[in-house]
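Presented below is the structure to which this report refers.
Rule-based calculations on the coordinates, nothing more; no lab input. Everything numeric here is computed off the predicted structure, so don't read it as measured data. Methodologically, a virtual Cβ is constructed for each residue, glycine included, from the backbone with ideal geometry; neighbour enumeration extends over all protein chains shown.
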Amino acid sequence: MGPFFDLHNHMLCGVDDGAENREMMLSMLDMSYADGVRAICLTPHYSPYMFGDTFESSRVAFADLEEYAAKKYPDLRLFIGHELGYYHGCEEALRRGRCRTIAGSRYVLVDFPAHVEFFEIQQAMNRMRSMGFCTVLAHAERYKCLFSNFKWIEDYVSNGGLVQINASGVCERRFSSVRSMWTRLLQKDLVHVIASDGHNLVTRPPLMSVCVEYLKKHFSEERISELMWENALCIVENRNL
């Protein structure tokens, strides 16, 4: 099945906690392509307190990856953005363009610590929406504070917010809270994009197909295509979902 659009991954080398070197970066791209991915948005972390300003380092790594992909995989489309690790004052980095939106669109991929307090997510998303950005909540299945604030997710989506979950969520331990949240979000039709969030070749590989068998059992081919291709394409093209 495919093709897949991986809207969230950390394949660029020497930028954050993703690919450690060029060899791993290229191997991750090879793995992703073999898995059926035909479009990727590279989304290194933008979290100055952890990784510094990754604008320039990601530009250089992206140019290198583009050159490799153009020769080996001419049908593969590559885009660049950032995964914003939300912090006080990050709006300025967005205004100046140091923190990239997704492929230059109005959509911003936003990340929080796993143990973030609910009010922090709520206030951050409201603030960014007031600036005219459309927020994409990264790996929404991870935030424990949302387990007991599910109504907020429903309101957030009904007001135009987008939700991304990781393909690997289906592989979590059978009764884990993360897998339970992952499944609940899908069943409640609150997911817009499934992506890999790949960081390496072993523990967090850039694989999309791992969740396909589950999706086939519960959703139509049209819905699966929306989750794993169409909606991501709308985002990078700055269209409305």
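Please compute the length gained on full extension between ASP75 and ASN159, using 0.36 nm multiplied by the number of residues separating them and subtracting their Cα-Cα distance.
That works out to 26.7 nm of additional length.
Which whole-Hz couplings ³J(HN,Hα) result when phi for each residue of segment 155-165 is put into the Karplus expression 6.51 cos²θ - 1.76 cosθ + 1.60, θ = phi - 60°, listed in order with x for Gly and Pro?
With the stated coefficients, segment 155-165 comes to 5, 4, 5, 5, 9, x, x, 10, 10, 10, 10 Hz.
If you take the square roots of the eigenvalues of the alpha-carbon gyration tensor of segment 1-158 and sort them as a ≥ b ≥ c, do you get rounded (a/c under 1.5), prolate (a/b over b/c) or oblate?
Since a/c reaches 1.5 and a/b is larger than b/c, the shape of segment 1-158 is classed as prolate.
Given H placed on each backbone N at 1.01 Å, which residues far from LEU109 in sequence or on other chains put an amide H within less than 5 Å of it?
HIS82, LEU84, ILE102, VAL136
Simple spin-label model, 7 Å along Cα-to-Cβ: PHE219 to ASN149 in nm?
Between PHE219 and ASN149, the label points sit 2.5 nm apart.
In the chain, what is the count of Lys pairs whose alpha carbons are under 29 Å apart, counting only pairs at least 8 residues apart or on separate chains?
8
Can you give me the relative contact order of segment 1-41 as a percent, contacts being Cα pairs under 8 Å and 6 or more apart?
It comes to 53 percent, rounded to a whole number.
State to the nearest 20 debye the size of the charge dipole of the chain about its Cα centre, where the only charges are +1 on K and R beta carbons and -1 on D and E beta carbons. Don't jump to the answer; show the numbers that get you there.
On the way: 26 positive and 31 negative charges, 94 e Å.
Roughly 460 debye for the chain.
Would you grab the residues whose amide H sits under 5 Å from the one on ARG77? Only those 5+ places off in sequence or on another chain, please, with H modelled 1.01 Å from N.
Residues meeting the amide H criterion: ALA39, ILE40.
Could you derive backbone 3J(HN,Hα) for segment 105-117 from the dihedral phi with the Karplus parameters 6.51, -1.76 and 1.60 (θ = phi - 60°), listing whole Hz in sequence and x where the residue is Gly or Pro?
7, 8, 8, 10, 7, 10, 10, 9, x, 4, 9, 4, 6
In nm, to one decimal, how far is the modelled label at HIS115 from the one at VAL202, with both set 7 Å along Cα→Cβ?
Calculated label separation equals 2.7 nm.
Skipping prolines and chain starts, which residues have an amide H placed within reach, meaning under 5 Å, of the one on VAL191, given they are 5 or more residues away or on another chain?
none
Per-residue ellipticity at 222 nm for the chain, helices alone: DSSP H runs ≥ 4 residues times -39500 (n - 2.57), over residue total, nearest 500 deg cm²/dmol?
That calculation yields -11000 deg cm²/dmol at 222 nm.
Per residue of segment 137-143, in order, report the coupling 6.51 cos²θ - 1.76 cosθ + 1.60 (Karplus, θ = phi - 60°) as ³J(HN,Hα) in whole Hz, putting x for Gly and Pro.
6, 6, 5, 4, 5, 8, 7
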